[in-house]
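See structure below.
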Amino acid sequence: MNIQMTDEDRKHLASLHDKNQAIRDRVTLCAEGYGNGVYIWGDGGIGKSYGVITTLTEMKKPLILHNTRLSAPAFFKSLEKHSKEVHVVEDVENIFTDRTNMNLLRSALWGQKDKSGKQKRLVTYGIHPAERTVEFEGQIIFTGNRPLLNIPELRALATRIPTIHLAVTREELVALMKQISEKDYRTDKGVLTSALCGEVLEFFLSEYPTDGLYDIRILIRAFDDRLGVKKLGNKITSSWQELIRSQLTGKVEPPVTRCDESKRDRNIALELSKSTLAKGDRVKEWEKRTGKSRDTYYRLLRMLR
């Protein structure tokens, strides 16, 4: 499989860039006050939240992030405390199924205009011991994996803010993953070189289910698996390919496969020990063909003597 960037990949990458730029422009308009909010939806792991947060960060706009369960009292208190900031609601599905939250959203996202043309968005909420009212002047940006459902309450919300579908293709995501793999992957646990990232991507693409859209987050987890196997050496007996495959399939292989693989590894180690390659090149070839560490290679060689 060719994992080098091709002209066709660059076309797909440019197409994806245009789509993401449209999302960034929509976020910019909203954050600058030319709109009260926006709902951006699409498949998971395609960069929706990343694009929103990156745009707001570059704009130096303070943001309030909500990314777990959001109850109506907690939401009102947040709107009250941060009434002028941009609120980012990331994949919090319950907010659209809770009737009180929906009432809050309708008030926070629309209101009557005063003489200057400014919308007065008054959110009134009964919280013990007394009813409280806040004029919300900020914006709310939502990200989700599904479109707003076709029910009256959500249709009312959709008339208040734009609903944008970020639709990407497998080809665009492959191009993006190739671009990501061209650079070293850096974490607090160490660095996975671009060469090894390329090996992981090649395996990842060959094993990924054909009926699903690629997920960037799963690729990043695959990088972590490869880095962990490389760093931990003999502490890990599985190959990085096995670990990544188990992520993609959700299951581990039967023991017979492990036995067959162990036999294969011994054969590869024996073959390399008899090759004319330099010592360092033998190790590189071993790591490339098996995904296992140099320590495992030398351990097998000692067993074969």
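The values are calculated or read from the model by the stated rules, or taken from the named source; none is laboratory data. Since the structure is predicted, the reported quantities are computational estimates derived from the model, not experimental observations. Cβ coordinates were reconstructed from backbone atoms using ideal geometry, including for glycine residues, and neighbour counts include every protein chain displayed.
Just a few scattered comments:
- Residue selected from region 34-68 under the condition among the aliphatic types (A, V, I, L, M) and in a helix (DSSP H, G or I), by the criterion surrounded by the fewest Cβ atoms within 10 Å (Cβ to Cβ): 53
- Test: residue 148 is buried (at least 19 other Cβ atoms within 10 Å of the Cβ) and assigned by TED's automatic domain parsing to the domain that holds residue 50: no
- Checking each residue in region 108-123 for being without any contact (Cβ under 8 Å) to a residue 40 or more places away in the chain and aliphatic (A, V, I, L, M) picks out only 122.
- Residues that are closer than 17 Å to residue 48 by Cβ, among the polar types (S, T, N, Q) and part of a loop (DSSP other than H, G, I, E, B), drawn from region 123-155: 145
- Members of region 103-132 that are surrounded by 11 or more Cβ atoms within 10 Å (Cβ to Cβ) and polar (S, T, N, Q): 103, 107, 119, 124
- The combined condition, being closer than 30 Å to residue 124 by Cα and either assigned to a helix (DSSP H, G or I) or touching a helix residue (DSSP H, G or I) at 6+ places or on another chain (Cβ under 9 Å) (or both), is not fulfilled by residue 10.
- Scanning region 83-96 for residues that are in contact with a Leu (Cβ under 9 Å, 6 or more places away or on another chain) and in a loop (DSSP other than H, G, I, E, B) gives 85, 92.
- Just one of the listed residues (142, 96) is at negative phi, of a type outside the set (S, T, N, Q) and modelled with pLDDT under 90, namely 96.
- Residue within region 26-39 that is in contact (Cβ under 8 Å) with a residue 60 or more places away in the chain and within 15 Å of residue 176 (Cβ to Cβ) present: no
- Among the residues making up region 104-150, those that are of a type in the set (A, V, I, L, M, F, W, C) and closer than 21 Å to residue 90 by Cα are 104, 105, 108, 109, 110, 136, 140, 141, 142, 148, 149.
- Test: residue in region 76-83 that is surrounded by fewer than 15 Cβ atoms within 10 Å (Cβ to Cβ), of a type in the set (A, V, I, L, M, F, W, C) and either in contact with a Cys (Cβ under 9 Å, 6 or more places away or on another chain) or at negative phi (or both): no
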